[in-house]
Amino acid sequence: MISVISCIVFEHDFAFVLMAALVCVCGCLLTTNLYVRLRSSVGARQYLWLFLAGLVGGATVWTTHFVAMLGYVVPFDRTFEPMLTLVSLTTAIVTASFGFWITSLMNNRFFIGFGGMVIGMGIAVMHYLGMAAYQIPALLDWDETYVVASVFLAAAFAAAATLTGAEVEGRKGVVLSSLLMVLGIVGLHFTGMTGLTVLPFRGLDVPLQTISDQFMLFSVVGVTGIVLASVAAAFLIESQGMEEASLTYKHLALHDPLTGVPNRFHLRERLNEELRQLTGRSSGGLGVIAINLNRFKDINDLHGHAVGDMVLREVAKRLSGVLGPGEYVARIGGDEFVAIKVGVRSADELEPFGERLKVEVNRPILWDHNRISLTCSLGAALAPHHGREVEELLVRANLAVEACGKQAGEDFIIFSSKMEEESRHRAAIAIDLRSAAQNGQLELHYQPQNETATRGLQGFEALVRWRHPEHGLISPVEFIPVAEETGLILEIGRWVLNTACMTAAKWPDRFSVAVNVSAFQLAQDTLPLQVASALAKSGLAPSRLEIEITESGVITDQAHALEIVMALKELGVSVAMDDFGTGYSSLSTLQSFPFDKIKIDREFVKSLGDSQQSSAIIRSTILLGASLGIPVLAEGVETEEQLAILKMEGCKAVQGYLFGRPQPEAEAERLIDLDGQRLQGNQVTSNRVVPLRA
C-alpha cells in the first residue's frame, strides 16, 4: 500500500493525477446512470442505453489511463504508438459493452457480478495495451505480483459496482456504484504502475510514427470531453423528458380527465393527509360535502352526452372558481362532486360554504342560445364529529345527500345517526328480500275497481305485500324502493305478473286485473316476453290484463318505452297511464303513447271538494279522456261525496277505500261472489211479471 502511495506522490505529476481523477469520477457517474437506465429498459431502447454505457465507460477508462500516463514522470522523451493506442480504446469500449450486456441478460446476481468482472478484466487489458503503446528509450520490467493484484482489484471492484447499481435503488445506488468503479480503475492503474520498473537502455530508439505528449493530451481530453458532454446532454434531456412524463402521468392519475379537477384517488389522498393533521390542529375539524346534480341524466337524454360533458366541465370550473384557502373540490364520478373545507367546527360554519357552492351550480348554463337549468343536492359530514376515516366520512356525506331526495324542499342536509340506522335497515331489507319470493313470503292483495254509475265490480289492481317472518307485513312503500335500488324488482315483478295472471284466470271473464310495472322493468327489453309467458302459463285472455306504467317510467327514454308499449299492445293487453297529473309533462306523454286508460292520482281526489284547483284538474282530465276516447279511473276515492262529484263530472270508474282496501285473494273472491249475486238480483227484478191494473 505504501509503495502504491509512493508511486502516486513521487512518480506522477499531481496536476495530471487530479485531471485523471476528475475525468474518472465524472465518467463513472455518467456510466453508472446509463447502466441503471439500461437495466430498467426493454427492447430497442435497452440496446441504445447499452451502446451509450459501453461507449462512455470505455472512453472513461481509456482517458483516465492516458491522462495519468501523461503525468508519469520519466527522464526521457516519450511518445505513444498510434495503432496500439487506438486498439486499447476499442478494447475498452467493446469489453465494457460486453460486460454490461451480460448484466442485462438475467436479473440474477451471478450474471450481474460476472458482467462486472468482464468489465474489470477489460479495464486491465486496456491498461496493459496502453502501456504497450507507451514508447520510451528504456526497458519496462513488470512485477508479476503487482500485475496480478491490479487485475484482481479491477475485476473485484467492477463486479461490486454492477451489483450495487442493480440492487441499491435511487441516487445512493448510483453514487456507491460510481465510487466502486472509480476505485477499480484507479486501483488497477496505480497498483500496476507501482509494479513497473523503468530500465534505461541506450540502444533503444523511439519509433518515428508516434504521438507527442501535447497532441495526445489534446486528443484524449478533447475527444473524450466531447463524448462525455454529448452523452451527458442526451441523458439529461432523456431524464428531463421522463421527469416531465412522470409529472404528466401523475397529474393524469390524480385528476379527472374530463373536468381537470382532482379525482377520487386524489380526494382520498388529500382527505387522509388532512385527517392525519386533524389531531394537532387547533382551528377545528373539517367538513366533507357530497354534491349530486339533480336530473343530470335528463340533460344527457335530451341534449346528448357532449352537452352533458360540457355541463360537467362548467360546473367543475364554477366550483373551482369560488374556492378559498383550505377549500378543495373533486369529481368522483358521473355527476358526483365532493368538496372539503378545513377548519370548521360545526354545521353552522360549514353551511355558508355549502350555500356558496349551491349558488354556483344552480346558475343557468347558456348553451347554443338555450338556458340549461340545473339544481343540486348537498349532503355533509363533519370530522371528527361524524368520523375520522376517509371512507366513513364519504359514506356519511352520501347518506346525507340521499336524504335530500327523500325530503321535499331540502337541498342541503347534514348527516345524522338516524340516516345510518335507516341505511342499515335498508341493507337488511335487501338481504331478506332476495329470498322472499322463493320462501313464499310475498303475497298479492287485490283492490277492487268499480263502475261509478252502478257501483258494480269491474276488476282488481294487484298489489304486492311482503309478510316478513319477524317483522310481519311490510309496506311496499318501504321495500319497493330497495328492490329498485338492488335490481330485485325484476324478480319480484316477474313473480307478481305470473301470480296475478294465475289468480285472475280463476275469475269470471268479465273481471280484469291490473299490474303495475316499475320504470326499471319497463326499461328491460324482456318485459313483453314475460307478459306473454305469464298469459300462456295461466291461460288468461290478454284483454283481461292491464299493465299500468307511470310517467317516470317513460320519460327517461321515450323511444324505447314506446317500443315496449307497442309490443305489449300487440299481445292484446291494455296499457294504462298511472298517477296522471303528477309529472311535469303528462299531456306530452299522453299525446305520445297509445294508452287505453288514464288513472287520476289519489292526491287530486283527496282534496276534491275542498280545492278548486284539484277539481279543475280532474274535470279537465275527464274531458280530455272523453275527447280522446280514453276511459278515466280515479284513485283514492274514500267518501260518498267524492264519488258523487266524480259521477257528476262523468268519471266512469273509481278505486279506493270506499269500495275496499287491498285484500288477500280470498276476500277478492268474496267480492266477486257478491257482485255475481247483485247481477242475479238485477236479472230477477227485470224478469218479474207486473200485473196490469184495471
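So the values come out like this:
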item: Selection within the range 360-373 - assigned to a strand (DSSP E or B) and not hydrophobic (A, V, I, L, M, F, W, C); result: 370, 371
item: Residue ID - farthest from the chain's Cα centre (by Cα), chosen from residues in the range 8-17 that are modelled with pLDDT of 55 or more and closer than 12 Å to residue 190 by Cβ; result: 11
item: Any chance residue 526 is crowded, with 21+ Cβ neighbours inside 10 Å and either closer than 24 Å to residue 490 by Cβ or in contact (Cβ under 8 Å) with a residue 40 or more places away in the chain (or both); result: no
item: Long-range neighbours under 7 Å by Cβ, at least six apart or interchain, first residue under 21 Å from residue 378 (Cβ atoms) and at pLDDT below 90 within the range 287-315, second polar (S, T, N, Q) and crowded, with 20+ Cβ neighbours inside 10 Å; result: 294/377
item: Residue in the range 676-690 that is part of a helix (DSSP H, G or I), modelled with pLDDT of 90 or more and under 19 Å from residue 455 (Cβ atoms) present; result: no
item: Selection from the range 374-395 of residues that are over 24 Å from residue 297 (Cα atoms) and within 22 Å of the chain's Cα centre (by Cα); result: 389, 390, 391, 392, 393
item: Residue identified as in a loop (DSSP other than H, G, I, E, B), surrounded by 12 or more Cβ atoms within 10 Å (Cβ to Cβ), at pLDDT below 80 and of a type in the set (A, V, I, L, M) among 206, 227, 231, 223; result: 206
item: Residue within the range 343-356 that is among the hydroxyl-bearing types (Ser, Thr, Tyr) and within 28 Å of residue 300 (Cα to Cα) present; result: no
item: Qualifying residue in the range 585-606 (condition: on the phi > 0 side of the Ramachandran plot, modelled with pLDDT under 90 and among the small types (Gly, Ala, Ser)); result: no
item: Single residue of the range 385-415 satisfying the filter (among the small types (Gly, Ala, Ser) and touching a residue at least 12 places away in the same chain (Cβ under 8 Å)) that is farthest from residue 351 (Cα to Cα); result: 405
item: Positions within the range 18-61 being free of Cβ contacts under 8 Å to residues at least 40 places away in the same chain and within 41 Å of the chain's Cα centre (by Cα), in sequence order; result: 40, 41, 42, 43, 44, 45, 47, 48, 49
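The values are calculated or read from the model by the stated rules, or taken from the named source; none is laboratory data. Predicted model, so just to flag it, every value in this text is computed and none were measured. Note: ideal-geometry Cβ built from the backbone for every residue, glycine included; neighbour counts use all protein chains shown.
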